[in-house]
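Sharing a structure here in structure tokens format.
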Number of protein chains: 2
Amino acid sequence: MADVTARIARSAAAVESPLTDLAGFDDWFAEYGEKICTTAERVPLAALDQWYETPVTGDLRHRTGKFFTVHGLRVHDPTGAVHWWDQPIIDQPEVGILGILVKEFDGVPHFLMQAKAEPGNPGGLQLSPTVQATRSNYTGVHKGRPVPYLDYFRDTSRHRVIADVRQSEQGAWFYRKRNRNMVVETTTEVEVLEGFRWFTLGQLYLLLSRDDIVNMDARTVMACLPARSRPDGALHRTTDVLSWITGARSLAGVSTQRIALSGLDEWEHTDMGYSHESGGFFDVIGVSVTANGREVGGWRQAMIEPHGTGVIAFLMRRINGVEHVLVHARTEPGYADVVELAPTVQCVPESYRWLPSAARPRHLDEVLAAGPDRIRFEAVLSEEGGRFFHARNRYLIVDSDVPEDPGHPDYRWLSMDQLTGLLRHSHYLNVQARSLVACLRGLETARSAR
Amino acid sequence: MADVTARIARSAAAVESPLTDLAGFDDWFAEYGEKICTTAERVPLAALDQWYETPVTGDLRHRTGKFFTVHGLRVHDPTGAVHWWDQPIIDQPEVGILGILVKEFDGVPHFLMQAKAEPGNPGGLQLSPTVQATRSNYTGVHKGRPVPYLDYFRDTSRHRVIADVRQSEQGAWFYRKRNRNMVVETTTEVEVLEGFRWFTLGQLYLLLSRDDIVNMDARTVMACLPARSRPDGALHRTTDVLSWITGARSLAGVSTQRIALSGLDEWEHTDMGYSHESGGFFDVIGVSVTANGREVGGWRQAMIEPHGTGVIAFLMRRINGVEHVLVHARTEPGYADVVELAPTVQCVPESYRWLPSAARPRHLDEVLAAGPDRIRFEAVLSEEGGRFFHARNRYLIVDSDVPEDPGHPDYRWLSMDQLTGLLRHSHYLNVQARSLVACLRGLETARSAR
């Protein structure tokens, strides 16, 4: 493992590559984006030809029974700021594969990324993993072309697995969704198809610091990479961190109940979808997609469109000479296991207009007020574009002097090493925290490159 | 952590203690057992005063809505030997605490154990953890006395956490049951109540090798103790082990559906409970318990009574000079996460009379045929006596020369160190494997003491 970790660190330090010149990236991306442009427009739910509203419940389903279902969820959170609510939620029980293929060139591991158009992407193309496939994708329900490079991840016996762990996705929008995050290294000859390119990890970190280039699926896989272990110095023993998580999960009283989509309290149902009466949170919508260069030429589907741009931030500080971030043990109704570790702040500020002031997220004001001297990372990144329509968040890493005891039992300072250790296992860090871990690793790279 | 691990190893090596003389153990156990004897006899379900059969579904519930429910489960396992079956299952969503309190005497950590009578125990008393409490127990639904020593586990801030992890229980009988396995060390003064005693870990390992003394709850907590890490030498990289588990969990197609207890296919419902038409597997029964010295003087409750004594075994061999055991990635319908690592063999041999021969468990014949020169450990141990009536299994550790590639993708040789690492996290090792890990650690102790 030490060997793999050292080679990954070498790739992280490399921003030049004989295969890919970052100076030409924008031209390549723009040119290819024009060629495979995707447009998406809203249509009534009744116009989603392959989708139907189930009689009685109104649940949205695909005619094949595959892809995903949108149904209702009634949530009871006795310790939360809001004790009861109803919401639509996406149910997609199958485990997809998010996989990045790695191969060494001139002694430096390179990562094969795809420039991919997704209907929900705000700006068209984004860089995605080598493979980003639901089980419906690769078992042919999609009736499209086979997923390229999939075999590297379906049968790893002739390759080297660098990371392979199921992780959750947005627990506020997905009901127990898990994807398999994989990094696989090969020494075989790899044909580079149109739309794919090899990048060093250092190049990916540079691209990650720009708005809307590296997609969510790429970020979560990058976060699961092994990383160099530093000497001790974490504020809390790892046994105590695990005990804290066990306690939070044992005591969380949140419970959910599946209900009919048409039976949601406080949600309006129109021809165009579902919206919360307040105008906040998110809508369920139908979209018509026209695509060139994708598996099929066009399709219609249900999507979730959130309202407002979110703020997702880690507060960061040095303790005992070691960088720590302030994590939040957070409950979301769709988590497979009750509680996951989230960034210090994760919210859409404008949603709090409709919620009691006690619900205002801790540390949000500190993040919003941070001056440029405290902001170590800032970029607007979007969430998965296959199911979420223009879901954008401002990701930040902010220097802080919140004390070692942050004053609330749901928050704790963890070292980067502890996060890396937890990321070998499922369901400890939520998808937003994983995106920020990728950004944090990029910061370290930038610093050590200086 | 190194410090804790070394001190635990010291306790494991100690079979003498100034506090407890093992020579007097049997007398103490017999004497106390007479004093608090518990008797249990079968009664009709209708005679369970605080329990009722729910109209329409027949599901068995407690009048308070607490404790547990017995309902039906329809299981679909497209890759198993039997594709569809129905069964009763216990549903108890609350997370209980199984906790052992530790304190150092004369430089040796001692473990506070309780001699506890449970209605399902085949022989009366067994040694249980300091605390063995469902949430109903300790929130007072039981209307009994407060649970002694519970505060050490509910608020660990003034003590030292040695282990704290939620683990599953029998996935064939329990629907997603998890308990919190805790080991907490204190330096405060501890009053030793009647029925409790301090033991060294070495003493517990000696008692564990005798039939029906150390109960299941104690075994699973003991398995979660940290252990000395050995130099490398595992057959598979830990990254590959994790990838193997991720793959098994991603691909397992088992699905379950809750159904009415009265609607089970192939199960008979009589006044006395539920039985499978074949006479195999297990029954759901009612028992009337008369107890002295328990929280309440007597009660009636539903229980599960399995048929036949099971065989639970690890095959073991030395690879690269390091001890490995052959684990099985196993699906059970009640697991929270599809697949857990089980012993090489885990079955009730007589159940296979009613199943197709393709279902005959791999390696069972090797275990049954093993001569005394190959048997490293053997004892009949019983499963949790609060819900299971006379559930006994023959636990074995058997020397083997199964090759490094065991010839089936669901089996793999893992080193003891790898098991220890996995046991810091939830839901990797099933409860039967955890019992055997406790036995394995005992073997190591016996060997190093020689």
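Just how large is the dipole of chain A about the Cα centre, in debye to the nearest 20, putting +1 at every Lys and Arg Cβ and -1 at every Asp and Glu Cβ? Kindly include the intermediate steps, with their values, before the conclusion.
Values: 48 positive and 57 negative charges, 199 e Å.
With only Lys, Arg, Asp and Glu charged at Cβ, the dipole is about 960 debye.
Scan chain B and hand back the longest stretch that contains none of the GluC sites (Glu not before Pro) lying in DSSP loops with at most 12 other Cβ atoms within 10 Å.
On the way: sites that count: B:Glu16, B:Glu189, B:Glu191, B:Glu194, B:Glu266, B:Glu277, B:Glu404.
My reading of the result: B:17-188 is the longest stretch.
Between the DSSP loop rule and a limit of at most 14 other Cβ atoms within 10 Å, which chymotrypsin sites (Phe, Trp or Tyr not before Pro) in segment B:356-450 are left? Numbers along the way, then the final one.
On the way: sites: B:Phe377, B:Phe388, B:Phe389, B:Tyr395, B:Tyr411, B:Trp413, B:Tyr428; in loops: B:Phe389, B:Tyr428.
Hits after loop and neighbour filter: nothing returned.
Under 18 Å between alpha carbons, and skipping anything fewer than 8 positions from A:Lys116 in its own chain: which aspartates and glutamates qualify?
Those aspartates and glutamates meeting the cut-off are A:Asp26, A:Asp27, A:Glu31, A:Glu34, A:Glu191, A:Glu194, A:Asp211, A:Asp212, A:Asp217, A:Glu295, A:Glu383, A:Glu384.
Take the rotation relating chain B to chain A, measure from its axis to every Cβ in chain B, and name the nearest residue with the distance in whole Å.
Checking which Cβ lies nearest the axis yields B:His425, 3.
Of the candidates B:Ser426, B:Ser435, B:Ser157, which one comes out as most mobile in a Gaussian network treatment of chain B with C-alpha springs shorter than 10 Å?
Greatest mean-square fluctuation among the candidates belongs to B:Ser157.
Relative to the present Cα-Cα distance, how much length would full extension add between A:Cys37 and A:Arg10 at 0.36 nm per residue of separation? It would help to have the intermediate numbers written out before the result.
Working: separation 27, 0.36 × 27 = 9.72 nm, distance 3.50 nm.
Additional length available on full extension: 6.2 nm.
Can you compute the helix-only [θ] at 222 nm over the protein assembly as shown? Use -39500 (n - 2.57) per DSSP H run of at least 4 residues, normalise by all residues, nearest 500 deg cm²/dmol. Present the calculation step by step, with values, prior to reporting the outcome.
Numbers: 20 runs with 186 residues, N = 900.
The helix-only estimate for the protein assembly as shown comes to -6000 deg cm²/dmol at 222 nm.
On to the next question. Could you tell me which of B:Ile36, A:Gly371, A:Thr130 has its Cα farthest along the dipole of the protein assembly as shown towards the positive end, charges placed at Cβ (Lys, Arg +1; Asp, Glu -1), taken about the Cα centre?
A:Gly371
Work out the mean other chain Cβ neighbour count within 10 Å for the residues of B:238-251 and drop it here as an integer. Intermediate results must be reported in sequence, preceding the final value.
Values: counts 2, 11, 4, 0, 7, 9, 3, 5, 13, 10, 0, 5, 11, 4.
Taking all residues of B:238-251 together, the mean is 6.
Also, quick follow-up: At a probe radius of 1.4 Å, figure out the A/B buried accessible area, summed over both chains, and give it in Å² to the nearest 100. Could you put the intermediate results ahead of the total?
Numbers: alone 18860 and 18850 Å², together 35140 Å².
Buried: approximately 2600 Å² between B and A.
Here's a follow-up. Give the average, rounded to an integer, of partner chain Cβ atoms located within 10 angstrom of each Cβ in A:153-162. Each step should come with its number before you reach the end.
On the way: counts 1, 2, 1, 4, 0, 0, 0, 3, 8, 2.
That works out to 2 on average.
Same structure, new question: Calculated FRET efficiency, B:Asp271 and B:Asp49, Cβ-Cβ r, R0 22 Å, to nearest 0.05? Don't jump to the answer; show the numbers that get you there.
Numbers: r = 15 Å, r/R0 = 0.70.
The value I calculate is 0.90.
What whole-number value in Å² describes the accessible area per residue of segment B:107-236 for a 1.4 Å probe?
On the way: 4580 Å² over 130 residues.
The answer is 35 Å² per residue.
Follow-up question, since we're still on this one. Under 5 Å between amide H atoms, partner at least 5 residues away or on a different chain: which partners does B:Val311 have, H built in plane at 1.01 Å?
Amide H neighbours of B:Val311, under 5 Å, 5+ apart: B:Cys347, B:Val348, B:Arg394.
Based on Cβ point charges of +1 for Lys and Arg and -1 for Asp and Glu, what charge dipole magnitude is obtained for segment B:186-284 about its Cα centre, in debye rounded to the nearest 20? Walk me through the intermediate numbers first.
Details: 8 positive and 14 negative charges, 170 e Å.
Using only the charged Cβ atoms, the result is roughly 820 debye.
Quantify how strongly other chains surround peptide A:416-429 by giving the mean number of their Cβ atoms within 10 Å of each of its Cβ atoms. It would help to have the intermediate numbers written out before the result.
Working: counts 0, 0, 0, 0, 0, 1, 1, 0, 5, 9, 8, 4, 1, 0.
Taking the mean over all residues of the peptide, I get 2.
Now, a different point. Taking a label point 7 Å from Cα toward Cβ, how far is A:Thr290 from its twins in the other copies, in nm, shortest first?
The projected label point of A:Thr290 is separated from its counterparts by 8.5 nm.
Let me ask another. Magnitude of the Cβ-charge dipole of the protein assembly as shown, K/R +1 and D/E -1, about the Cα centre, nearest 20 debye? Before the final figure, lay out each step's value.
Details: 96 positive and 114 negative charges, 157 e Å.
Dipole size: approximately 760 debye.
Between A:Val190 and B:His408, how high is the FRET efficiency from 1/(1 + (r/R0)^6) when r is the Cβ-Cβ distance and R₀ = 22 Å? Nearest 0.05. Walk me through the numbers on the way to the answer.
Values: r = 31 Å, r/R0 = 1.42.
Step by step, r from the Cβ atoms, then E = 0.10.
How much of the accessible area of segment B:216-329, in percent, comes from carbon and sulfur atoms when a 1.4 Å probe is used? Don't skip to the answer; put the middle values down first.
On the way: 1890 of 4220 Å².
So the carbon and sulfur contribution to the accessible surface is 45 percent.
Now for a separate question. Computed FRET efficiency, Cβ-Cβ of B:Val56 and A:Arg258, R0 22 Å: what is it to the nearest 0.05? Each step should come with its number before you reach the end.
Values: r = 20 Å, r/R0 = 0.90.
Efficiency computed from Cβ-Cβ geometry: 0.65.
Among B:Lys66/B:Lys177; A:Lys35/A:Lys177; A:Lys35/A:Lys66, which pairs are too far apart, with a Cα-Cα distance over 22 Å? Don't skip to the end; give the middle numbers.
Numbers: B:Lys66/B:Lys177 14 Å; A:Lys35/A:Lys177 32 Å; A:Lys35/A:Lys66 29 Å.
Among B:Lys66/B:Lys177; A:Lys35/A:Lys177; A:Lys35/A:Lys66, the Cα-Cα distance tops 22 Å for A:Lys35/A:Lys177; A:Lys35/A:Lys66.
Say a label goes 7 Å from Cα toward Cβ at A:Gly80 in every copy; what distances in nm does this one have to the rest, shortest first?
3.3
What are the label-to-label distances in nm, one decimal and shortest first, from A:Leu251 to the same spot in the other copies, with labels 7 Å along Cα to Cβ?
Relative to the other copies, A:Leu251 has label-point distances of 4.2 nm.
Follow-up. For segment B:85-139 and segment A:305-364, what is the centre-to-centre distance using only Cα atoms, to the nearest Å?
Computed from Cα coordinates, the inter-centre distance equals 36 Å.
Can you find, among B:Ile319, B:Gln301, B:Pro361, the residue farthest towards the positive end of the dipole of segment B:292-417? Put +1 on the C-beta of Lys and Arg, -1 on that of Asp and Glu.
Farthest towards the positive pole: B:Gln301.
Using amide H atoms built in the peptide plane, which far-off residues or other-chain residues are under 5 Å from A:His427 H to H?
Placed amide hydrogens put A:Ser168 under 5 Å from A:His427.
The values are calculated or read from the model by the stated rules, or taken from the named source; none is laboratory data. All values derive from a computational prediction rather than experimental measurement. Positions of Cβ are backbone-derived with ideal geometry, glycine not excepted, and every protein chain shown enters the neighbour counts. The area values use the complete protein model at the heavy-atom level, side chains included, leaving out ligands, DNA and RNA. Shrake-Rupley method; radii C 1.70, N 1.55, O 1.52, S 1.80 Å.
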